[in-house]
Amino acid sequence: MRNRFTKWLLCFSLALSLVPAFTAHAATNTTASNITETSLRLTWTFQPGESFVQIYKNNVYLDSRAGYNVLDVTSLTPCTSYNFNVVGSGFGSSSTNVTTLGCPTAPAITYTTTVSSIDLSWTATNAVSYDIYKNGSLYATTSDTTYSVGAGAGQTFQIKIVAKNGTGATAQTTISATTQTFTATFVQDNLSGNIRVGGAFTNSNPTSPTSMNIALYRVTGSGDVYVGSTSVSIGANQSVGGWYPIATGQPLGTYKAVLTSQSATTSGASIGSY
């Protein structure tokens, strides 16, 4: 009976002596360094008595190392997240998460506006194409870093540029840009009597009506003399055209029409008599 107890005690003591070897973290401090778009270096720390590990990439066996605590990993995909797990022979392990370089950065946008466009330029790294959105809708895709977006006069637009790299990873920037209001000047010599201004006017605002304001001046050696004005109403997203009387009984001279509008434009206007 005593011999049996002694054997059991010896077996139990042996089992206890093995527990640390199978439960301790055989490899610790797994770290990634020298990270590029397609490669990195893994290092780890062996625990006392350990000299062999297996390395797993995203839970798939990658390589083994005996006596060495470094592994150079290649053939990775740019801008991709990986998990590396280093497992020791004692079943202990240590892991690290890392993302390779090559992710696009958010574009830094600069712009100028006219009455009919928003002229964009931007900088971004690690991008192969750019999606341009105007007021939430895709407007264009380009590989350049400049683009002109058509827009109506005197309106505010939300412009978003999404930079994409070769793997489809994205980074984006949104700006608010307001186009200029319309102003233009037209001059005509040798007019007298009843003066009118003619033209075709287009309101590019899809939701709000606007007006084309026309002011008439007589040009003199001492400055412009105000003669009269009128305003032409234009519905949302509509065009109007015709001749619009401004003044009567005017002396012979040179006349200037100044046209202004919040969101309407014209490609030209004429000053005439009737």
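Per-structure values
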quantity: Test item: Cα-centred dipole of region 115-274, Lys/Arg +1 and Asp/Glu -1 on Cβ, debye; calculated: 180 debye
quantity: Proximal aspartates and glutamates to residue 160, defined as alpha-carbon separation beneath 16 angstrom and excluding residues fewer than eight positions away on the same chain; calculated: 119, 131, 144
quantity: Residue-normalised accessible area of region 162-257, given per residue in Å² at a 1.4 Å probe; calculated: 50 Å²
quantity: Full-extension gain in nm, residue 270 to residue 33, via 0.36 nm per residue minus C-alpha separation; calculated: 78.2 nm
quantity: With DNA, RNA and ligands ignored, accessible area of residue 63 (1.4 Å probe; Å², nearest 10); calculated: 50 Å²
quantity: Max mean-square fluctuation residue, GNM over the chain, Cα-Cα springs under 10 Å, options 253, 88, 150; calculated: 253
quantity: Percent accessible area from carbon and sulfur atoms, the chain, protein chains only, probe 1.4 Å; calculated: 51 percent
quantity: Residue 114-residue 156 FRET efficiency (beta carbon distance; Förster radius 22 Å; 0.05 resolution); calculated: 0.90
quantity: Residues in region 71-106 that a label on residue 123 would reach, taking backbone N under 19 Å of a point 7 Å out along Cα→Cβ; calculated: 102-106
quantity: Under 13 Å from the residue 187 label point (7 Å along Cα→beta-carbon), backbone N, region 246-274; calculated: 254-258
quantity: Inter-probe distance in nm under a simple model that places probes 7 Å from Cα toward Cβ, at residue 144 and residue 131; calculated: 2.1 nm
quantity: Probe 1.4 Å, protein heavy atoms only - accessible area per residue of region 75-154 in square angstrom; calculated: 45 Å²
quantity: Distance between modelled label sites at residue 167 and residue 243, nm, 7 Å Cα→Cβ extension; calculated: 7.0 nm
quantity: Label-point separation, residue 105 to residue 174 (7 Å along Cα→Cβ), nm; calculated: 2.3 nm
quantity: Value at 222 nm in deg cm²/dmol, rounded to 500, when DSSP H runs of n ≥ 4 in the chain each add -39,500 (n - 2.57); calculated: -3000 deg cm²/dmol
quantity: The chain: most fluctuating residue of 124, 215, 151 per GNM, C-alpha cutoff 10 Å; calculated: 215
quantity: Solvent exposure ordering (accessible area, 1.4 Å, most first) of 197, 128, 87; calculated: 128, 87, 197
quantity: Three-way shape label, region 48-133, alpha-carbon gyration tensor, a/c 1.5; calculated: prolate
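The values are calculated or read from the model by the stated rules, or taken from the named source; none is laboratory data. This is a predicted model, so every value here is computed, not measured. When we count neighbours, we look across all protein chains shown, and the Cβ atoms used for this are built from the backbone with ideal geometry, even at glycine. Accessible surface areas use protein heavy atoms only, side chains included; no ligands, DNA or RNA. Shrake-Rupley method; radii C 1.70, N 1.55, O 1.52, S 1.80 Å.
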